[in-house]
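The values are calculated or read from the model by the stated rules, or taken from the named source; none is laboratory data. Keep in mind that what you see is a predicted model, and the values were worked out from it rather than measured. We place every Cβ from the backbone using ideal geometry, glycine too, and count neighbours over all the protein chains shown. The accessibility values were calculated without ligands, DNA or RNA, using every heavy atom of the protein model including side chains. Shrake-Rupley method; radii C 1.70, N 1.55, O 1.52, S 1.80 Å.
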Amino acid sequence: SAASDVYKRQLLKPGILKAVIIGVCIAILGQFMGVNAVLYYGPSIFENAGLSGGDSLFYQVLVGLVNTLTTILALLIIDKVGRKKLIYYGVSGMVVSLILIGSYFLFGNAWNISSLFLLAFFLCYVFCCAISICAVIFVLLSEMYPTKIRGLAMSIAGFALWIGTYLIGQLTPWMLQNLTPAGTFFLFAIMCVPYILIVWKLVPETTGKSLEEIERYWTRSER
């Protein structure tokens, strides 16, 4: 139809296509930084650390509570702080937390470190994640695309995000088994690096910008 041809022409413009590809990359990469692995498999991860079933479920409830409360906080401060700044702070905190979680799985037993440290690292990770990528991703995606193709571009990015969610849901048990919990969390930490580089170098700050200004950011390379 004529409408779909217009959509296609808009979508294939060099600057706009770049925006869509970047959106897909950050949507998928965001899943490989571990948040859904922690939310889906938290109890079994805690049991891997030697906790009883009851303790691991209690820890998971705390993780869920921190996730919910931090998401509310993020919504209150996102306009004041700015989308990209929240991602820089949050993802940096995620990297530190993931390295500490991986280190706990490597050395926790040998050094006789209390499981409360593991809980603290997990809660710190969830806080950093919820205040940055979880809260910002949909806001950023909804703002970074020009109005004409926003619906289609958001659908593509959303589809990519759910593919990432499905893949991480399927791969996490395999990774915990074959890479060990420590290796899995170190891998999640490594995946944070390309994410923060893409956001830093390739994504515009949308806070306080008009839709026209954001569209000009993407299409400036065509002129």
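Overview of values
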{"item": "Solvent-accessible area per residue, Å², over the chain with all protein chains present [probe radius 1.4 Å]", "result": "49"}
{"item": "Inter-label distance for residue 12 and residue 174, nm, one decimal - labels placed 7 Å from Cα along Cα-to-Cβ", "result": "3.5"}
{"item": "Overall form of segment 1-125 per C-alpha gyration tensor (a/c, 1.5; a/b vs b/c)", "result": "prolate"}
{"item": "Carbon and sulfur %, accessible surface of the chain computed with the full protein complex present, 1.4 Å", "result": "69"}
{"item": "Potential lengthening between residue 116 and residue 150 on full extension [0.36 nm per residue; Cα-Cα distance subtracted]", "result": "7.8 nm"}
{"item": "For the chain: lysine pairs under 26 Å (alpha-carbon distance), excluding those fewer than 8 apart on one chain", "result": "22"}
{"item": "Overall form of segment 146-195 per C-alpha gyration tensor (a/c, 1.5; a/b vs b/c)", "result": "oblate"}
{"item": "Cβ-derived FRET efficiency at R0 30 Å, residue 162 paired with residue 65, nearest 0.05", "result": "0.75"}
